[in-house]
Amino acid sequence: MNDDSRGPLAARFRRLIRETGPISLAHYMGESNAHYYNSRDPLGASTREDAGDFITAPEVSQIFGELIGLWLADSWTRAGRPDPVHYVELGPGRGTLAADALRSAGRFGLKPQVHFVEGSAALRQVQHEAVPGAAHHHDLSSIPDDGALLLVANEFFDALPIRQLVRTSAGWRERMVGIEGDDLVFVSGAQPMDAAVPDEWSDAQEGAVLETCPAAAAIIGEVARRLAAQGGAALVIDYGSRQLQPGETLQALRAHRKLGIFEAPGEADLTAHVDFGTLAAVAQAKGAKLLGIAEQGAWLKALGIDARTEALVRTTPDRAEVLARQRDRLVSDDQMGQLFKVMGLASPAWPPGAGFPA
């Protein structure tokens, strides 16, 4: 096998492992996704659902972003319409969500300064076309601290690099990436990791896997700190569970098809389920108020997705079937409605958020 087979990033990983030993899964995932997002628009230039490598909710229907804009405008209005106010989106994709949300929010007087946290040069260009006035940032550190934040993170946290801990006959170990011949493979690290495992999982059966995401905890902690200090509200929307669950959720996706994790590093999107329970606990510890964690389908229904769909059908009756299919994709339990969660956070001084149980 030629050392450049399966792409230059695979060859670089093999050289590194041969020289220094196994690398962490977080290292592998972080470099792979950085290469992936910096080298393309993963959603594709077409509006067809089979374009690109995957499709996100804002690309399914304009209603998704519109309802988020209404939620933000409602929270901002009930908080007293503070000024200045900043709209911040983490990983804004093609800018579709922001464009729809800002259009919807603007009808109620909310016209914030717009900030995108985006590292991909390819996506930044697309986002500039969708929202021309947006300011780009590499991370949260350069976001202004002079006003309230209205922050949205849709399918952002699932792409952050994770660690996997595996229960071996010798106890818990970190799962690393090594090589076997010319193949990248999982190997168990030598360092005991029992102290990093929650007490309820300490005696799990051999082979059990737990996933953690230190990067997600760090980012949600910074979001919460800013909400507490500056005022504001945030929505985190992603697929995952309310509490830490055992098992592997890491997957690679290209052209709407799952690949092996090591099949095409840097050429496929690597994602894992989000542990909303841990994110909520970190956010509360850093001073934010938890508004709730709801299933996406129930949350969108509470915000009026059915009424908005019916209104669009009345104005464009020839699109009735398409609109119904888009609505079902967002809210049906067997599509995005149940697996995807919506977590609301806010400054302690801000009001409760619509769509979350009181």
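Multiplying the sequence separation of GLN113 and HIS128 by 0.36 nm and subtracting their Cα-Cα distance, what value in nm do you get?
Details: separation 15, 0.36 × 15 = 5.40 nm, distance 1.41 nm.
Length difference between fully extended and current span is 4.0 nm.
The mean sequence distance of close C-alpha pairs (under 8 Å, at least 6 residues apart), as a share of the length of the chain, puts its relative contact order at 20 percent. Rounded to the nearest Hz, the phi-derived 3J(HN,Hα) couplings of segment 81-91 under the Karplus curve 6.51 cos²θ - 1.76 cosθ + 1.60 (θ = phi - 60°) are 6, x, 9, x, 9, 10, 8, 10, 10, 8, x, where x marks glycine and proline. Max-minus-min Cα coordinates of segment 117-251 on each principal axis give 55, 38, 23 Å, with the largest extent listed first. Coordinate range of the alpha-carbon atoms in segment 242-358 per principal axis, descending: 46, 46, 22 Å. Relative to the current alpha-carbon distance between ASP183 and LEU250, full extension at 0.36 nm per residue lengthens the span by 22.3 nm.
Of all DSSP beta bridges in segment 165-322, what percent run antiparallel (nearest 5)? Walk me through the intermediate numbers first.
Working: 19 of 21 bridges.
Around 90 percent of the beta bridges assigned by DSSP in segment 165-322 are antiparallel ones.
With both residues required to sit in the chain, DSSP beta bridges show an antiparallel share near 60%. Rounded to the nearest 500, the 222 nm mean residue ellipticity of the chain from helices alone is -11000 deg cm²/dmol, with -39,500 (n - 2.57) taken per DSSP H run of at least 4 residues.
Residues considered: PHE116, PHE157, PHE262. Largest GNM mean-square fluctuation over the chain, using C-alpha springs under 10 Å, is found at PHE262. Taking a straight line from the alpha carbon of LYS289, these lysines sit under 25 Å away, with near neighbours fewer than eight places off in the same chain left out: LYS111, LYS301, LYS341. Annotation for GLU321 and ALA11: the two label points, set 7 Å from Cα along the Cα-Cβ direction, are 4.9 nm apart. Under the simplified labelling scheme, the ALA170-GLN338 pair shows an inter-label distance of 4.1 nm, with each label point 7 Å from Cα along Cα→Cβ. Taking segment 54-209, how much of its Cα-Cα pair set, in percent, is spaced more than 22 angstrom apart? Value for segment 54-209: 56 percent of Cα pairs lie more than 22 Å apart. Just how far, in whole angstrom, is segment 197-254 from segment 176-193 if you go by their alpha carbon centroids? Between the Cα centre of segment 176-193 and that of segment 197-254, the gap is 23 Å. Across ALA134, ALA216, ALA195, mean-square fluctuation computed from a Gaussian network of the chain (C-alpha pairs under 10 Å connected) peaks at ALA195. Given springs between every Cα pair under 10 Å in a Gaussian network model of the chain, which of ILE305, ILE68, ILE179 has the largest fluctuation? The residue that fluctuates most here is ILE179.
Can I get the semi-axes of segment 175-274's equivalent ellipsoid? Compute them from the C-alpha gyration tensor as square roots of 5 times the eigenvalues, in angstrom, largest first. Walk me through the numbers on the way to the answer.
Details: eigenvalues 165, 92, 35 Å².
For segment 175-274, the semi-axes come out at 29, 21, 13 Å.
Each part reduced to its alpha carbon centroid, segment 274-294 and segment 83-120 end up 22 Å apart. Semi-axis lengths, largest first, of the ellipsoid equivalent to segment 308-357 are 30, 16, 6 Å, with √(5λ) applied to each eigenvalue of the Cα gyration tensor.
No value in this document is a laboratory result; all are computed from the given coordinates. Keep in mind it's a predicted model, so treat the numbers as computed, not measured. Positions of Cβ are backbone-derived with ideal geometry, glycine not excepted, and every protein chain shown enters the neighbour counts.
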